[in-house]
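Structure, as structure tokens:
The values are calculated or read from the model by the stated rules, or taken from the named source; none is laboratory data. Bear in mind the structure is a predicted one, so any value in this text is a computation, not a measurement. Counting neighbours? That spans all protein chains shown, and the Cβs are built from the backbone with ideal geometry, glycine included.
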């Protein structure tokens, strides 16, 4: 892990860009981190739209988390942003676009091709990032995972024992096999569902919530579309992490 | 409204029993109420099991609300507790019991007979209680409604303009007509659903949540049965009232 830039934001949060091999990422630590105990870490997942495009929302989440005493970090997804193009992913996206423009039901094959390779490739990268981040003096466990592609969050919750709690956003295409995988999740979950999210199946989100094996799981459904998560829902997710990671 | 007893609880909350005509009720006001501004009121709904049986849970909710600066009040439901027997209600309950013991689906007729007369009779009583409570010097608007039979809460939210926000518990038999009525609700709603509640239909609860006309409505689903609402879910409901009534 190599830091490539560093800036102190106006609220005292330290924002550092880094690369992990070829993967760009960003780390935010609370303003007081250098003088106090290492901060527990929340990994900030995000939809596959590229880090640059997601930066405003990610940094807002990072600042809120820093105010609660958390370090946060994110990395670019494979085939996204400034990372090398990934022809298979672009083909799957083109198939998805064609199906949606034709008003067709998005087939299981398209969803699988769109999501499963991304999960296979991204999850070990997030684990490698976790190795590097936890080696830093101002970052510590326990670790939370928040948001992004719900299948990536689900797989991480199953395979990565250092992740103790997760906030998941119901709102991505979910391959059928992930419903089986969801049963293996046992960590506390806080699932956000935008009730009127265009282009996502509400029933699939409810089925996935039902499938998670966790004894403590909470579903928060709110009105509005994909990006309309109300402030109070963000606050509730923050309280969930405070309850589980502190 | 006539106060029949008064006691100061150990956390300073003033608990007063009252009667409103033949209807018994309880009013809780924060410890500091006599010396400060009147407290906004939350009406505490409850399932039709009698106030005495419900007292431990109601007083716990009242104390939490008092800590947040709210007055709370509740009244006995018709045909329940120490109120005169109501043969029609008892007959409907007996029909329900028979159907459940026989393992039959509870018919719409039974649900209607069980719930609709209760709604018809209880709602004007809660409105009369509201008249009397808001005339007291230490109680004020805005008013919230919390919990209990969801059809009573729904009707109150439609017909009583002094109620500004409601926390509803998905977990009662809901007559079909209430789904239509739900569309007329416009106040902010916070709906609690126990995901694994025995004897209540999860899908009906989700359909009712979907039907509510409110622009701001939130569903919080948690694990556990009817009485297993976790502490953090109660805290979130309290925050909802603080957001809307203060």
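Things to note:
- Which listed residue, of A:90, A:104, is free of Cβ contacts under 8 Å to residues at least 12 places away in the same chain and under 18 Å from residue A:200 (Cβ atoms): A:104
- Only residues that are assigned to a helix (DSSP H, G or I) and in contact with a helix residue (DSSP H, G or I) (Cβ under 8 Å, 6 or more places away or on another chain) were counted in the stretch B:38-69, giving 5.
- For the stretch B:197-211, residues that are more than 10 Å from chain A (Cβ to nearest Cβ), touching a residue at least 24 places away in the same chain (Cβ under 8 Å) and on the phi < 0 side of the Ramachandran plot total 8.
- Which listed residue, of B:129, B:221, is within 14 Å of chain A (Cβ to nearest Cβ), buried (at least 20 other Cβ atoms within 10 Å of the Cβ) and not in a loop (DSSP other than H, G, I, E, B): B:221
- The lone criterion from (1) away from every other protein chain (no Cβ under 13 Å); (2) under 18 Å from residue B:146 (Cα atoms); (3) over 19 Å from the mean Cα position of the chain (by Cα) left unmet by residue B:216 is number (1).
- Total residues in the stretch B:31-40 satisfying the condition of being within 16 Å of residue B:60 (Cα to Cα) and at pLDDT 95 or above: the figure is 0.
- The residues of the stretch B:225-244 that are more than 9 Å from chain A (Cβ to nearest Cβ) and modelled with pLDDT under 95, listed by number, are B:225, B:226, B:227, B:228, B:229, B:231, B:234, B:237, B:238.
- Out of B:173, B:169, sole residue that is assigned to a loop (DSSP other than H, G, I, E, B) and under 18 Å from residue B:46 (Cβ atoms): B:173
- Single condition residue B:79 does not satisfy, out of (1) under 20 Å from residue B:124 (Cβ atoms); (2) in contact with a strand residue (DSSP E or B) (Cβ under 9 Å, 6 or more places away or on another chain): (2)
- Pick from the stretch B:186-196, criterion in contact with a strand residue (DSSP E or B) (Cβ under 8 Å, 6 or more places away or on another chain) and outside any strand (DSSP E or B), ranking: farthest from the other protein chains (Cβ to nearest Cβ): B:187
- Complete set of residues in the stretch A:155-169 that are in contact with a strand residue (DSSP E or B) (Cβ under 7 Å, 6 or more places away or on another chain) and surrounded by 22 or more Cβ atoms within 10 Å (Cβ to Cβ): A:156, A:157, A:163, A:165, A:166, A:167, A:168, A:169
Rundown of residues vs (1) closer than 16 Å to residue A:126 by Cα; (2) surrounded by fewer than 12 Cβ atoms within 10 Å (Cβ to Cβ), yes/no style:
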position	(1), (2)
A:19	yes, no
A:43	yes, no
A:52	no, no
A:61	no, no
A:102	no, yes
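- Every condition in (1) under 19 Å from the mean Cα position of the chain (by Cα); (2) part of a loop (DSSP other than H, G, I, E, B); (3) surrounded by 15 or more Cβ atoms within 10 Å (Cβ to Cβ) holds for residue B:227 except the one numbered (3).
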